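Participant: Following this message is one structure expressed as structure tokens.
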Amino acid sequence: MVAPDLLSPRTPSPSARVTTAPIIRGFGGNIPFRCTRCRSLSATPSLRASESYRLRAGSWTLGMAAGGGVGSSERDGSLALYEESLNCLSSLITRRTRADGTNKGDNFDLMFDYLKMLELDGPISQLKVIHVAGTKGKGSTCVFTEAILRCCGFRTGLFTSPHLIDVRERFRIDGVEISEGKFLEYFWWCWNRLQEKTNDDVPMPTYFRFLALLAFKIFSAEQVDVAILEVGLGGKFDATNVVQKPIVCGISSLGYDHMEILGNTLGEIAGEKSGIFKREVAAYTVPQPEEAMSVLKDKASQLGIPLHVVSPLDSGALKDQHLGLDGEHQYINASLAISLSRAWLKETGNTEGINFEDATFLPEQFVRGLTKASFQGRAQIVPDSHLRSQERNFNLGDLVFYLDGAHSPESLEVCARWFSHVIREDTQHSDTQGEQHYDSCNARQILLFNCMSVRDPQLLLPRLVNTCEQHGVHFHKALFVPNQSVYNKVGSHASPPADPQHVDLSWQLTLQKVWESLACSDKDAGLSNTRDHERSSVFSSLPMAIRWLRENAQQNRSARFQVLVTGSLHLVGDVLRLIKK
């Protein structure tokens with residue numbers, strides 16, 4: 001399941017401790033297979049004494065001591081170990097607190113103790129890091145940067161958050177998420193050492209801090225040429241900010257988000273983000289609101305470093321090609337990535353074979369990277385595979401999901417512009433299978449929405465609806481659903497969904513009321529002219545909403561259902577998991 005990065009519904013818990021069995025040697029410790037604290041959550045089967053784990057062809061397998069062959073039992077063992085690692089991760093989740101001087105940055109200095117425990121203080125100083133913070137676009141900027149430098153021939157490590165389906169998405173080597181085998185090897189290496197060395201004074205690290213430490217271990221062990229680190233939240237006290245001397249820093253667009261943690265003004269938020277600036281390390285940013293830009297400039301001035309402000313990329317520089325990430329907002333993220341990549345290449349003395357002299361076009365390696373970049377859940381279009389897999393000669397209707405994890409007022413406005421643009425293009429052409437033509441009269445736009453309860457739907461939904469209306473898009477209906485994911489447990493594709501009979505829908509009903517009041521207060525607010533009871537629905541589970549969409553698509557075979565999924569990256573991840581099965 002999608003892992004939490006901000007809040008969980010429970011307070012900090014004592015560090016989990018695990019029992020270990022002398023099963024695998026050679027990875028710096030024994031491999032734990034039963035978490036005593038999480039036993040009730042674990043799907044790990046009991047193991048006979050004659051069974052043992054071994055590493056085979058880069059993935060964990062379960063074999064018989066007598067020499068059994070590769071089979072389903074091996075995969076079962078691999079899944080058991082993987083699920084157990086996720087249970088251990090879940091035990092580290094705590095409620096996020098405001099990190100400031102009164103609590104010493106939520107005890108930020110503990111990160112340096114953890115680095116020493118893991119003997120990573122030396123290796124981390126050798127990593128050639130690009131460090132990126134921001135409110136919007138920092139993940140996309142990191143993805144563009146990684147793709148550019150990979151196309152320049154370098155071995156890349158990329159750490160991003162949150163993940164959508166599997167926690168391994170956060171760790172990419174050469175553009176590919178880390179394998180399950182390597183994840184387990186490095187996870188238990190870190191986990192066992194921290195279990196042995198932490199105590200009441202220095203407890204186990206919290207969830208995101210452990211993931212950051214794991215990223216440092218992975219990137220140093222895999223000997224990457226460059227490590228691109230996306231800040232999790234804020235900057236000054238973020239776990240990634242233990243890097244003392246990155247090669248270059250960047251800050252993407254700033255806005256109002258996570259205000260309960262970062263502050264109530266753009267100046268306070270910018271102050272937290274600029275905490276990644278370091279002396280003698282060049283910093284880059286994009287055009288910002290004046291209040292935020294003033295703080296960034298002051299921070300750079302205090303450190304005696306230049307702050308470079310980049311302009312949006314001119315599409316002509318791509319030599320008639322398109323960015324790999326869709327949306328007009330990606331041109332500013334791409335421009336920041338170009339500047340960060342160029343600065344890294346020059347600072348590390350790796351410019352040979354890369355032509356920076358042509359002022360009209362980008363170097364060929366940069367163009368390839370920008371056009372090949374990919375990032376799940378950001379301006380992503382996915383036709384429903386369930387309907388597409390039916391009998392091809394018999395049209396069962398058409399259902400397409402437009403997924404974007406926007407969750408702030410500014411990002412939802414950008415999302416609305418993207419959605420309005422792509423569906424206009426979509427309805428002017430035949431569907432991707434060439435089976436039927438659709439036009440705007442046969443297209444129905446539906447919103448599938450959820451957001452975290454710390455956000456204000458009175459700010460989010462009007463921004464989304466009004467922007468769509470300005471571009472001539474009117475939603476036929478809105479569906480409000482709870483996330484399948486839980487915020488206090490890291491799960492995987494094997495985790496069962498919550499029982500819809502016992503789901504609290506009070507927040508979804510609140511969202512629906514905001515939607516209905518928006519529709520009633522202004523008939524021209526961008527909502528389709530449907531009867532009141534048809535304007536919106538609340539479903540007790542996401543699978544029920546997906547089933548409703550599929551049934552309607554099958555019953556209206558001449559129509560194309562265009563479903564915008566937004567408001568939460570957790571929701572986007574849940575939808576992807578369901579429709580890609």
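The values are calculated or read from the model by the stated rules, or taken from the named source; none is laboratory data. No experiment lies behind these values; they were computed from the predicted model shown. Glycine also receives a Cβ, built like all others from the backbone with ideal geometry; neighbour counts cover every protein chain displayed. Side chains included, ligands, DNA and RNA excluded: accessible areas come from the protein's heavy atoms. Shrake-Rupley method; radii C 1.70, N 1.55, O 1.52, S 1.80 Å.
Participant: Quick check: is even one residue across region 388-406 open to solvent by less than 10 Å² (accessible area, probe 1.4 Å) and of a type in the set (Ser, Thr, Tyr)?
Facilitator: Checked against the condition, which is being open to solvent by less than 10 Å² (accessible area, probe 1.4 Å) and of a type in the set (Ser, Thr, Tyr), region 388-406 yields at least one hit.
Participant: Another question, if that's okay. Only one of (1) surrounded by fewer than 22 Cβ atoms within 10 Å (Cβ to Cβ); (2) part of a loop (DSSP other than H, G, I, E, B); (3) in contact with a strand residue (DSSP E or B) (Cβ under 6 Å, 6 or more places away or on another chain) fails for Gly181. Which number is that?
Facilitator: The failed condition is (2).
Participant: Among residues belonging to region 202-254 that are more than 15 Å from Asn107 (Cβ to Cβ) and among the charged types (D, E, K, R), point out the one that is surrounded by the fewest Cβ atoms within 10 Å (Cβ to Cβ).
Facilitator: Lys245
Participant: Mind checking which residues of region 140-155 are buried (at least 24 other Cβ atoms within 10 Å of the Cβ) and either outside any helix (DSSP H, G or I) or small (Gly, Ala, Ser) (or both)?
Facilitator: Correct list: Ser140, Ala147.
Participant: How many residues, within region 545-581, are crowded, with 24+ Cβ neighbours inside 10 Å and either without any contact (Cβ under 8 Å) to a residue 12 or more places away in the chain or at positive phi (or both)?
Facilitator: Number satisfying all stated conditions: 1.
Participant: Taking the stated definitions as given, is Gly377 in contact (Cβ under 8 Å) with a residue 60 or more places away in the chain, touching a Phe, Trp or Tyr at 6+ places or on another chain (Cβ under 7 Å) and not in a helix (DSSP H, G or I)? Lay out the reasoning, then the answer.
Facilitator: Details: in contact (Cβ under 8 Å) with a residue 60 or more places away in the chain: yes; touching a Phe, Trp or Tyr at 6+ places or on another chain (Cβ under 7 Å): no; not in a helix (DSSP H, G or I): yes.
For Gly377, the condition - in contact (Cβ under 8 Å) with a residue 60 or more places away in the chain, touching a Phe, Trp or Tyr at 6+ places or on another chain (Cβ under 7 Å) and not in a helix (DSSP H, G or I) - is not met.
Participant: Identify the residue in region 63-92 that is at pLDDT below 85, of a type outside the set (D, E, K, R) and not in a loop (DSSP other than H, G, I, E, B) and, among all such residues, is most open to solvent (accessible area, probe 1.4 Å). Before you say what the answer is, go through the steps one by one.
Facilitator: From region 63-92, those at pLDDT below 85 are 63-79; that's our starting set.
Narrowing further to those that are of a type outside the set (D, E, K, R): 63-73, 77-79.
Adding the requirement that they be not in a loop (DSSP other than H, G, I, E, B) leaves 63-64, 72-73, 77-79.
Details: Gly63: 2, Met64: 68, Ser72: 90, Ser73: 48, Gly77: 2, Ser78: 1, Leu79: 50 Å².
My answer is Ser72.
Participant: Could you please give the count of residues in region 156-178 that are of a type in the set (A, V, I, L, M), out of contact with any helix residue (DSSP H, G or I) (no Cβ under 6 Å at 6 or more places or on another chain) and not in a helix (DSSP H, G or I)? Show your work before the answer.
Facilitator: Kept after step one, since they are of a type in the set (A, V, I, L, M), are these residues of region 156-178: 158, 164-165, 167, 173, 176, 178.
Of the ones still in play, those that are also out of contact with any helix residue (DSSP H, G or I) (no Cβ under 6 Å at 6 or more places or on another chain) are 167, 173, 176.
From the residues that got through so far, the ones that are not in a helix (DSSP H, G or I) too are 173, 176.
The qualifying residues number 2.
Participant: Would you check which residues across region 433-450 are modelled with pLDDT under 95 and over 17 Å from Val422 (Cα atoms) and list them? Spell out how you get there, then give the answer.
Facilitator: Start the filter on region 433-450 by keeping residues that are modelled with pLDDT under 95, which leaves 433-444.
Within region 433-450, Gln433, Gly434, Glu435, Gln436 qualify.
Participant: Looking at region 209-224, I want the residues that are under 22 Å from Phe237 (Cα atoms) and have a partner that is open to solvent by less than 10 Å² (accessible area, probe 1.4 Å) and aliphatic (A, V, I, L, M) with Cβ atoms under 6 Å, at least 6 apart or on another chain. Which pairs are those?
Facilitator: Here the result reads Arg209/Ala239; Phe210/Leu92; Ala212/Ala239; Phe216/Leu120; Phe219/Ala227, each pair linking region 209-224 to a residue that is open to solvent by less than 10 Å² (accessible area, probe 1.4 Å) and aliphatic (A, V, I, L, M).
Participant: Another question, then. If a residue has to be within 26 Å of the chain's Cα centre (by Cα), among the small types (Gly, Ala, Ser) and more than 19 Å from Gly134 (Cα to Cα) to count, how many in region 316-354 make the cut?
Facilitator: Residues flagged as within 26 Å of the chain's Cα centre (by Cα), among the small types (Gly, Ala, Ser) and more than 19 Å from Gly134 (Cα to Cα) within region 316-354 amount to 1.
Participant: Right, next: Take Arg95 and tell me if it is outside any helix (DSSP H, G or I), in contact (Cβ under 8 Å) with a residue 60 or more places away in the chain and under 21 Å from the mean Cα position of the chain (by Cα).
Facilitator: Working: outside any helix (DSSP H, G or I): yes; in contact (Cβ under 8 Å) with a residue 60 or more places away in the chain: yes; under 21 Å from the mean Cα position of the chain (by Cα): yes.
Here the answer is yes, as Arg95 does meet what is asked.
Participant: Restricting attention to region 104-114, does a residue exist that is open to solvent by 30 Å² or more (accessible area, probe 1.4 Å), within 30 Å of Leu571 (Cα to Cα) and part of a helix (DSSP H, G or I)?
Facilitator: The answer is yes; a qualifying residue exists.
Participant: Can you tell me which residues in region 316-348 are among the polar types (S, T, N, Q) and touching a helix residue (DSSP H, G or I) at 6+ places or on another chain (Cβ under 7 Å)? Spell out the reasoning first.
Facilitator: Our first condition is that a residue be among the polar types (S, T, N, Q); within region 316-348, this holds for 321, 330, 333, 335, 339, 341, 348.
Passing the criteria: Gln321, Gln330, Asn333, Ser341.
Participant: Here's a follow-up. For residues that are open to solvent by 40 Å² or more (accessible area, probe 1.4 Å) and of a type in the set (Ser, Thr, Tyr), scanning just region 285-333, find the one that is modelled with the lowest pLDDT.
Facilitator: Residue satisfying both the conditions and the ranking: Ser315.
Participant: Continuing with this model, one more query. Hey, can you tell me all the residues within region 507-562 that are among the hydroxyl-bearing types (Ser, Thr, Tyr), modelled with pLDDT under 90 and assigned to a loop (DSSP other than H, G, I, E, B)?
Facilitator: Ser528, Thr530, Ser558
Participant: Out of curiosity, is Pro123 out of contact with any strand residue (DSSP E or B) (no Cβ under 6 Å at 6 or more places or on another chain), under 23 Å from Leu336 (Cβ atoms) and open to solvent by 20 Å² or more (accessible area, probe 1.4 Å)?
Facilitator: No: the conditions fail for Pro123.
For (1) touching a Leu at 6+ places or on another chain (Cβ under 8 Å); (2) of a type outside the set (A, V, I, L, M); (3) modelled with pLDDT of 95 or more, each residue gets a yes or a no:
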| site | (1), (2), (3) |
| --- | --- |
| Ile338 | yes, no, yes |
| Thr348 | no, yes, yes |
| Ile354 | yes, no, no |
| Arg368 | no, yes, yes |
| Arg378 | yes, yes, no |
| Asn393 | no, yes, no |
| Val414 | no, no, no |
